[in-house]
Amino acid sequence: MKTLYVLYDERCALCKQLKEWLLVQRSWIGLSMIPAGSARAKSMFPALEKIAGANDLVVISDGGEVYLNNHAWIMCLYALAEYRDWALRLASPLLLPLARQAFETLSKNRQTISRWIGSDERAIATELGEVALDTCPAQSTKPVGVEGGSKCSGV
Amino acid sequence: MYIVYSYFVYLFISVNLTIWVARTLHKRGAIFLVDSFHGNAELAASVNHLLVVGFYLINIGFVALALKTEAVIGNTRAAIELVSDKIGYVMLILGAMHFFNLYVFTRIRHRGNGTPRPPFAPDAILRPAPARS
């Protein structure tokens, strides 16, 4: 696995912000950010429509492995030098449903990590359960002709 | 004359021991290094050779420095004790160097293999795999 293609929602300002964050991190695996639904995405992954809906965050490896939503968030962290250990930890059944919250918390505040080091899964889960996810502010400005996008799912 | 014989015996054993250890490391460590460097055999061979050169320099240097003694050797027993003493030190240093090398290799190897598999199976597989762009 040398490259991960991250199909993010370009209409979402928050997603674009997270995309910028991803791109400045040191990573083990190359990250290639592709706007979901773009011509490039469609030409690269013509068969993707059958697998993922318009609202799914999709990460695809160069080997063709497709990861959706929570798995995709974790895979983004897995690609990063500093966050791989956390990706492995956040993949536990208790924390996986909170992957999105975890990703947002980690990307906004590095201090979180030091606080989590001693904590057990349950404590982290409780904390993540309280994270409020911003709704996508760009929904209303979605370009004509692009389907989906009712909720912010891309990076 | 005991002291001169002692020195020769000491040098002979220590230098041969160093050569034997260096060769063993060179031979048996090769595959370990290739793995550490992701199968890059040329780089592994180069590092292996450089390590052996460093190993010789350090160990033979130490053997030479440790040669000198103030002890007065009057009989065979004292001579054997002196040689044994000196060789003991050399072996301990060789052993320490050996484990240090292993430690460094293992660190390199861990870094190289720092690719634990993704924590879950993919949700789907795209066929054909995406073309590089």
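The values are calculated or read from the model by the stated rules, or taken from the named source; none is laboratory data. This one's a predicted model, so the numbers in the text were calculated from it and none came from an experiment. FYI the Cβ positions are ideal-geometry reconstructions off the backbone, even for glycines, and counts take in every protein chain you see. Please note that ligands, DNA and RNA were not included when accessible areas were found on the heavy atoms of the full protein model with its side chains. Shrake-Rupley method; radii C 1.70, N 1.55, O 1.52, S 1.80 Å.
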Cα gyration tensor category, rounded, prolate or oblate, for the range B:22-133 with a/c compared to 1.5: prolate
What spacing in nm lies between the two simple spin-label points modelled at residue A:47 and residue B:67, each 7 Å away from Cα in the Cβ direction? 7.2
Using θ = phi - 60° and the Karplus curve 6.51 cos²θ - 1.76 cosθ + 1.60, what whole-Hz ³J(HN,Hα) does each residue of the range A:43-50 get, with Gly and Pro shown as x? 6, 6, 10, x, 8, 5, 3, 6
Sites matching trypsin sites (Lys or Arg not before Pro) across the range A:15-68 that sit in DSSP coil, with at most 12 neighbouring C-beta atoms within 10 Å: A:26
Segment residue A:20-residue A:82, length gained on full extension (0.36 nm per residue, minus Cα span): 20.7 nm
Sorted by chain and number, the residues with a modelled amide H under 5 Å from that of residue A:10, at a separation of 5 or more or across chains, are A:36
Across every pair of different alpha-carbon atoms, what Kirkwood hydrodynamic radius in Å does the protein assembly as shown reach? 23.6
Give a residue-ordered list of calculated ³J(HN,Hα) values for the range A:34-40 (Karplus: 6.51 cos²θ - 1.76 cosθ + 1.60, θ = phi - 60°; whole Hz; x for Gly, Pro). 10, x, 5, x, 6, 4, 5
Label-point separation, residue B:77 to residue B:107 (7 Å along Cα→Cβ), nm: 4.7
Residue-wise HN-Hα coupling along the range B:26-32, computed from phi with Karplus coefficients 6.51, -1.76, 1.60 (Hz; x: Gly, Pro): 4, 6, 7, x, 4, 5, 4
Simple spin-label estimate for residue B:15/residue A:126, 7 Å along Cα→Cβ, in nm, reads 7.1
Using a 1.4 Å probe, how large is the accessible area of residue A:24, given in Å² and rounded to the nearest 10? 110
For chain B, what is the relative contact order in percent, using Cα pairs closer than 8 Å and at least 6 residues apart in sequence? 37
